[in-house]
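Peer 1: Pasting a structure here, questions to come.
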Amino acid sequence: MKYIEEFQDPRLAQRLLDEIHSTVTRPWAMMEVCGGQTHSIIRHGIDQLLPDEVELIHGPGCPVCVTPLEVIDKALEIASRPDVVFCSFGDMLRVPGTGRDLFRVKSEGGDVRVVYSPLDALRIAQQNPDRQVVFFGIGFETTAPPNAMTVYQARRLGIRNFSLLVSHVRVPPAIEAIMRSPVCRVQAFLAAGHVCSVMGTAEYPELAERFGVPIVVTGFEPLDILEGVRRTVRQLERGEHAVDNAYPRAVRPEGNPAAKAMLEDVFEVTDRAWRGIGVIPDSGWRLAERYREFDAEHRFAVDSITTEEPAACRSGEVLQGLIKPHECEAFGTLCTPRNPLGATMVSNEGACAAYYLYRRLGGPTAPKETSTVG
Amino acid sequence: MCLAVPGKVLDIEDRDGTRMATVDFGGVLKEVCLEYLPDLRVGEYAIVHVGFALQRLDEESAKRTLQLFENLGMLEEEFGDPWAAAAATPEAQR
Ligand code: SF4
């Protein structure tokens, strides 16, 4: 779906595009934070419909991609144990750890199961009291409340053979880290709609003010993204930097209070490493002290595993918007979704995989015009 | 995984002291936890992420989104067989 006629409402899409084209007078670089948005932008060719002046930088918003190699290695170690049932979302199966992935662990005899919801993993624990059931708890503020509720339920129901391998990440500290980078080119943010469905918008005015950037809460359907870009360009051209909600049908300013309260109870804020980027202060959640017995890292004593990331993969630069995926020398040659070098090539929401799947770029030098086939 | 899909509540029950619902996602039925939206009623729509209703949605936009996801094969990506997807070549996924 690369042509405007294929949008759900082509006339509305054209109107939004016309307005963006007529508003923009000079180059602007804005970052979409959510991997779902990146996926949607590349899949629908939205970046190619926008005026040349508007550059979309694909941010670190794919939780699968930013889960640190070290945590993947811990997951692989735990999943290999004969007494463990290791439960995960499907997209983690092919994420490369050091030398292998969960898919391989399963083929080597590990009991790795894919679940739709963390509550499914809890049910498996109830049904298998003699096995240790571990759930791989990754994700942003959207996924953290379901995992928090699951741990809360495990404690309430006294299910002691359940634990969570936690690698949750938070968006606002990442925005701060991106703006503090000396090579930062980002002038505005499209904030992730579903993160804000949970968290609301209260965390953003301070960031918008401090760094002088517009932050526009944006959904991830094609028309939502065009509307987010339209409002962002309007602010940039007027020299404004406010928080604006372009996704009100799913985002209320207060977010979801019950989910936020559960997050506060079960988790505590911690420094967290992001794959390809490094440690960002206060950018993660771990289980709070009173839930520590449900922490898989403690239960299986894998705290000592530390891993360095391979140098060939430039996903860190991709995640910070310093290069586009096809500018990486390994893109499409050494690195494909079948044989990913870095996590951004694994997940459909990773920028490298999105470019590979929806835009057949030959390599680093492929011109923009040849990119809309397939 | 990041996807949050709108669904319609078909019925609600209490299980082990937890408020659970059967939710219809364009024909695919799933068990969904309502603890974060306890006042959601049968017949209403919500955005659901990994088995949890996170925010209410009006019927019209919910249906529009579901239609779009269906057309793009995204419901299959979300609810299909993840082992098959992980084993398949990316070309075959398209
Ligand atoms: S193309 Fe592959 S090696 Fe290059 S940055 Fe992306 S994931 Fe890393």
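Peer 1: What does the charge dipole of the stretch A:242-369 about its Cα centre add up to, to the nearest 20 debye, if the Cβ of each Lys and Arg holds +1 and the Cβ of each Asp and Glu holds -1? Please report the intermediate quantities before stating the final value.
Peer 2: On the way: 15 positive and 19 negative charges, 135 e Å.
Here the stretch A:242-369 has a charge dipole of around 640 debye.
Peer 1: Work out the FRET efficiency for A:R81 and B:T18 from their Cβ-Cβ distance, taking R0 = 30 Å, and round it to the nearest 0.05.
Peer 2: On the way: r = 29 Å, r/R0 = 0.97.
Given R0 = 30 Å and the Cβ-Cβ separation, E is 0.55.
Peer 1: On to the next question. The stretch A:83-104 to the stretch B:38-72: how many Å between their Cα centroids?
Peer 2: 30
Peer 1: Taking every residue in B:58-70, how many Cβ atoms of other protein chains lie within 10 Å of its Cβ, on average?
Peer 2: 2
Peer 1: Using a Förster distance of 45 Å, how high is the FRET efficiency between A:D18 and A:T333, based on the Cβ-Cβ distance and rounded to 0.05? Working shown, then result.
Peer 2: On the way: r = 39 Å, r/R0 = 0.88.
The calculated FRET efficiency here is 0.70.
Peer 1: Still on this model: Name the shape class, rounded, prolate or oblate, that the alpha-carbon gyration tensor gives for the stretch A:239-340, where a ≥ b ≥ c are the square roots of its eigenvalues, rounded holds for a/c under 1.5, and otherwise prolate holds if a/b is larger than b/c and oblate otherwise. Walk me through the numbers before you get to the answer.
Peer 2: Values: a/c = 2.46, a/b = 1.16, b/c = 2.12.
Oblate, because a/c is 1.5 or more while a/b does not exceed b/c.
Peer 1: May I pose another question? Enumerate the calculated ³J(HN,Hα) couplings along the stretch A:183-189 in order (Karplus 6.51 cos²θ - 1.76 cosθ + 1.60, θ = phi - 60°), each rounded to whole Hz, writing x wherever the residue is Gly or Pro.
Peer 2: My calculation for the stretch A:183-189 gives 9, 5, 10, 6, 10, 6, 10 Hz in order.
Peer 1: Going by a 4.7 Å Cβ-Cβ cut-off, which cysteines of chain A have no partner at all?
Peer 2: A:C34, A:C87, A:C184, A:C196, A:C313, A:C328, A:C335, A:C352
Peer 1: Please report the spacing between the Cα centers of the stretch A:289-346 and the stretch A:106-166 in Å, no decimals.
Peer 2: 22
Peer 1: If eta is 0.890 mPa s and T is 25 °C, what Stokes-Einstein diffusion coefficient results for the protein assembly as shown, Kirkwood Rh from Cα pairs, in µm²/s? Intermediate results must be reported in sequence, preceding the final value.
Peer 2: On the way: Rh = 22.3 Å.
Answer, rounded: 110 µm²/s.
Peer 1: Hey, what number do you get for chain A at 222 nm if only DSSP H runs of n ≥ 4 count, each worth -39500 (n - 2.57), divided across all residues, to the nearest 500? Kindly include the intermediate steps, with their values, before the conclusion.
Peer 2: Working: 16 runs with 140 residues, N = 374.
So the helix-based figure for chain A works out to -10500 deg cm²/dmol.
Peer 1: How do the peptides A:348-359, A:314-325, A:89-100 rank, highest first, by the average count of neighbouring beta carbon atoms within 10 Å per residue? Please list the in-between numbers first.
Peer 2: On the way: A:348-359: 25.5, A:314-325: 22.7, A:89-100: 20.1.
Packing proxy ranking, top to bottom: A:348-359, A:314-325, A:89-100.
Peer 1: Run the Debye formula on the Cα coordinates of the stretch A:278-335, all scatterers equal and no solvent, and tell me log10 I(q)/I(0) at q = 0.14, 0.18, 0.26 1/Å.
Peer 2: -0.66, -0.82, -1.09
Peer 1: Sticking with this one: How large is Rg over Rh for the stretch A:59-141, taking Rg from the Cα atoms and Rh as the Kirkwood inverse mean of 1/r across Cα pairs? Could the numbers behind the result be given before it?
Peer 2: Details: Rg = 12.5 Å, Rh = 13.0 Å.
Radius of gyration relative to Kirkwood radius: 0.96.
Peer 1: Under a Cβ-only charge scheme (Lys and Arg +1, Asp and Glu -1), can you give me the dipole magnitude of the protein assembly as shown about the Cα centre, in debye to the nearest 20?
Peer 2: On the way: 49 positive and 67 negative charges, 82 e Å.
Around 400 debye, computed over the protein assembly as shown.
Peer 1: Along the charge dipole of the protein assembly as shown, Cβ charges K/R +1 and D/E -1, which of B:L10, A:V233, A:T143 sits furthest on the positive end?
Peer 2: Selected residue: A:T143.
Peer 1: Once a ≥ b ≥ c are taken as the square roots of the eigenvalues of the Cα gyration tensor of the stretch A:1-121, is the result rounded (a/c under 1.5), prolate (a/b larger than b/c) or oblate (a/b not larger than b/c)? Spell out each step's value before the answer.
Peer 2: Working: a/c = 3.97, a/b = 2.65, b/c = 1.50.
Since a/c reaches 1.5 and a/b is larger than b/c, the shape of the stretch A:1-121 is classed as prolate.
Peer 1: Indicate, rounded to the nearest 5 percent, the antiparallel portion of the DSSP beta bridges found entirely in chain A. Write out the running numbers ahead of the final one.
Peer 2: Numbers: 9 of 41 bridges.
Of the beta bridges lying entirely in chain A, close to 20 percent run antiparallel.
Peer 1: Using a 7 Å offset from the Cα along the Cα-to-Cβ direction at both A:E293 and B:D11, what is the distance between the two label points in nm, to one decimal?
Peer 2: Here the modelled spin labels are 3.6 nm apart.
Peer 1: While we're looking at this one, here's another question. Which percent of Cα pairs goes in each bin when the distances of the stretch A:228-299 are cut into 10 angstrom slices starting at zero?
Peer 2: Result returned by the calculation: 16, 25, 32, 20, 7, 0.
Peer 1: Counting each pair of different Cα atoms once, what's the Kirkwood radius of the stretch A:131-259 in Å, rounded to one decimal?
Peer 2: With all distinct Cα pairs of the stretch A:131-259 included, I get 16.2 Å.
Peer 1: Moving on. With a 10 Å radius around each residue's Cβ, average the other Cβ atoms per peptide and rank B:18-30, A:191-203, highest first.
Peer 2: Going from most to least packed, we get A:191-203, B:18-30.
Peer 1: On to the next question. Where is the GNM fluctuation largest for chain A (alpha-carbon springs, 10 angstrom cutoff): A:I78, A:I225, A:I159?
Peer 2: Highest fluctuation among the options: A:I159.
Peer 1: Here is a follow-up. Along the Cα-to-C-beta direction of A:E264, a point sits 7 Å from the Cα; which residues of the stretch A:130-172 have their amide N less than 16 Å from that point?
Peer 2: A:145, A:149
Peer 1: Please compute, for the alpha-carbon atoms of the stretch A:78-121, the extent along each of the three principal axes and give them in descending order in Å.
Peer 2: Here the Cα extents, ordered largest to smallest, are 30, 23, 14 Å.
Bear in mind these aren't lab numbers, they're just calculated from the coordinates by the rules spelled out. Keep in mind it's a predicted model, so treat the numbers as computed, not measured. Note that we place each Cβ from the backbone using ideal geometry, even for glycine, and neighbour counts take in every protein chain shown.
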